[in-house]
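Presented below is the structure to which this report refers.
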Amino acid sequence: MPKFQFEAMDATGQEIRDIIEAATQDEAEATIRQMGYYITKIAPKKEKKAADKKATSRKTFSVGKVNSKVLTTFTKQLSVLQDAGLPILRSLKILEAQAKPAIFGSLKNALIDVIDEIEGGATLSEAMAKCPKAFDRLYVNMVKAGEAGGALEVILRRLAEFQERSLWLRRKVKGALVYPIAVIVFACAILVFIMLKIVPQFQKIFEEFETDLPAMTQILITASNVLFNWWFLLPGVPLGIWLFIKLTCMFPYGRFGWDLFKLRLPIFGQLVEKNIIARTMRTLGTLVASGVPILEALTITRDTSTNSVFERLYQRVLDAIREGETISKPLKDYARPGFHPVTAWWWFFFVGGPIGLLLYLTRWNNPVMEDIAINMVDVGEETGELDTMLYKIADNYDEEVAILTESLLSLFEPILIIVLGCMVGFIVIALFLPLISLIQKLSG
């Protein structure tokens, strides 16, 4: 006998979700009414095996998560379709039909699963929650808030704006880093070629004429010989350091120390810190404006911060709110992470031994959340405009990140040219000093 999945309300207004067997849908509706329920939604329950088989036949092979740009475009399109008044199922089918299959993070596969779940009686947020590679907790909870408030199209539009802003900032930072990284890689390749191919040829000339070598030339030849004999360590050393960092970050204590080290770095640490503050404040503001409860909003913000220092900070804010505190007070009380031995070790390892330790000791007690941001949160809580203030904090820090990135890039270019000029100049002088002595010797 066919099964029908329904949603209804009882006499007290309680929502009921259940499955009923009946020969036809009319008979099922009559039975539900006899039970004293008011029907709000009813649909035939799909046979799971048949649905799974049908969905599988339409899917293509894909790995990884859905691209941020693709997801942002999908959110904007879904918002427009919902604003036009189309049913959610029809909107999803339209977008699934026009989605292109992709090897990496196919959105089409995720939409196929979402459509099948909704046809089986699930809500949009419940269906999206079963596709974590496409829709994260932030996305799912905002959709859930939109469904509860009956303003899904507004929430989707707000979510699309949030994604566009995050995508713009990410592109800005990545775009600024492309040029210096390309120059460094190209310069390193040229220097390695000179050390492995050019310097050994000059060494043979010097040995044949038994020329006395200056200290600069001896240093250059020694470095060339070391590089020639141990060239296979060039990729091995950075790979080994990367693996060691990954191994350290597998433990919570080690991950906290590494994340704090990144925040304490001169200049670059400010860039990382401001970027995280901008993203977390915008996330929290978007969730609060969408009607997500503050505890759930802070939990999502904590989980999406991608830095254990800020994760601990937001967790302490969560604990304080459960005890009746405001957001701003624990933000200020716990903004200073304190001294961390693992962070001190990374400073010793990467930033010049004892000098690195001394630099860390001058910065270890700096707060990770600036007073201006905390004060704006405090004002937002007092005036009841918390989401507005959080947006302003995020906009302010987004601008600071953009300005800092451009400043770093403009400062980095001349420094890079000077460093490369010094290295090339050292090589040229070290090679030509013995040649001058050799020419003078032969002339005499």
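A few comments on the model shown:
- Complete set of residues in region 321-338 that are assigned to a helix (DSSP H, G or I) and under 27 Å from the mean Cα position of the chain (by Cα): Ile321, Ser328, Pro330, Leu331, Lys332, Asp333
- Residue check for Ile321: surrounded by fewer than 17 Cβ atoms within 10 Å (Cβ to Cβ), closer than 30 Å to Glu161 by Cβ, at pLDDT 90 or above and not polar (S, T, N, Q): yes
- Any hit, region 359-382, residues being of a type outside the set (Gly, Ala, Ser) and in contact with a Pro (Cβ under 7 Å, 6 or more places away or on another chain): yes
- Picking from residues in region 404-414 that are surrounded by 11 or more Cβ atoms within 10 Å (Cβ to Cβ) and free of Cβ contacts under 8 Å to residues at least 40 places away in the same chain, the one that is nearest to Val183 (Cα to Cα) is Leu411.
- Scan of region 364-385 for residues that are more than 17 Å from Val272 (Cα to Cα) and surrounded by 21 or more Cβ atoms within 10 Å (Cβ to Cβ), ordered by number: Val377, Gly380
- Residue check for Leu359: assigned by TED's automatic domain parsing to the domain that holds Thr286, more than 27 Å from the chain's Cα centre (by Cα) and not β-branched (Val, Ile, Thr): yes
- Residue match in region 331-350 (condition: in contact with a helix residue (DSSP H, G or I) (Cβ under 7 Å, 6 or more places away or on another chain) and basic (Lys, Arg)): yes
- Residue within region 45-64 that is β-branched (Val, Ile, Thr), within 30 Å of Pro132 (Cβ to Cβ) and modelled with pLDDT of 80 or more present: no
- Restricting Arg137, Arg170, Arg157 to those that are surrounded by fewer than 20 Cβ atoms within 10 Å (Cβ to Cβ), in the same structural domain as Glu399 (by TED's automatic domain parsing), among the basic types (Lys, Arg) and closer than 30 Å to Ile294 by Cα reduces the list to Arg170.
- Residue list for region 295-331, filter: β-branched (Val, Ile, Thr) and free of Cβ contacts under 8 Å to residues at least 60 places away in the same chain: Thr299, Thr301, Thr306, Val309, Val317, Ile321, Thr326, Ile327
- Every residue from region 110-141 that is in contact with a helix residue (DSSP H, G or I) (Cβ under 8 Å, 6 or more places away or on another chain), in a loop (DSSP other than H, G, I, E, B) and charged (D, E, K, R): Lys130, Lys133
- No other residue among Lys100, Lys174 is basic (Lys, Arg), free of Cβ contacts under 8 Å to residues at least 60 places away in the same chain and not in a loop (DSSP other than H, G, I, E, B) apart from Lys174.
- Here is the figure for region 295-320: residues that are part of a loop (DSSP other than H, G, I, E, B) and within 14 Å of Asp259 (Cβ to Cβ) total 3.
- Inter-residue pairs, beta-carbon under 6 Å, first assigned to a helix (DSSP H, G or I) and in region 192-215, second of a type in the set (A, V, I, L, M, F, W, C), 6+ apart: Met195/Leu227; Leu196/Phe228; Phe202/Leu431; Gln203/Ile221
- For region 339-395, the helices (runs of 4 or more DSSP H) that sit wholly inside it and include 3 or more residues that are aliphatic (A, V, I, L, M) and without any contact (Cβ under 8 Å) to a residue 60 or more places away in the chain are 354-361, 371-383.
- Within the span defined as region 207-214, every residue fails to be at pLDDT 85 or above and either surrounded by fewer than 11 Cβ atoms within 10 Å (Cβ to Cβ) or hydrophobic (A, V, I, L, M, F, W, C) (or both).
- Candidate set from region 226-240 (those that are without any contact (Cβ under 8 Å) to a residue 24 or more places away in the chain and not in a helix (DSSP H, G or I)); member that is surrounded by the fewest Cβ atoms within 10 Å (Cβ to Cβ): Phe232
- Yes/no for Phe256 being aromatic (Phe, Trp, Tyr), within 14 Å of the chain's Cα centre (by Cα) and either modelled with pLDDT of 90 or more or not in a helix (DSSP H, G or I) (or both): no
- When Val351 is tested against (1) over 23 Å from Gly254 (Cβ atoms); (2) modelled with pLDDT under 90, exactly one condition is not met: (1).
- All positions within region 83-124 that are farther than 20 Å from Ala160 by Cα and touching a Gly at 6+ places or on another chain (Cβ under 7 Å): Phe104
To keep it simple, each residue is scored yes or no on (1) modelled with pLDDT of 90 or more; (2) in contact with a Phe, Trp or Tyr (Cβ under 8 Å, 6 or more places away or on another chain).
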position: His340; (1), (2): yes, yes
position: Ala344; (1), (2): yes, yes
position: Ile355; (1), (2): no, no
position: Asn375; (1), (2): yes, no
position: Pro414; (1), (2): no, no
position: Val419; (1), (2): no, no
position: Ile427; (1), (2): no, no
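The values are calculated or read from the model by the stated rules, or taken from the named source; none is laboratory data. This is a predicted model, so every value here is computed, not measured. Backbone-built Cβ (ideal geometry, glycine too); neighbour counts: all protein chains shown.
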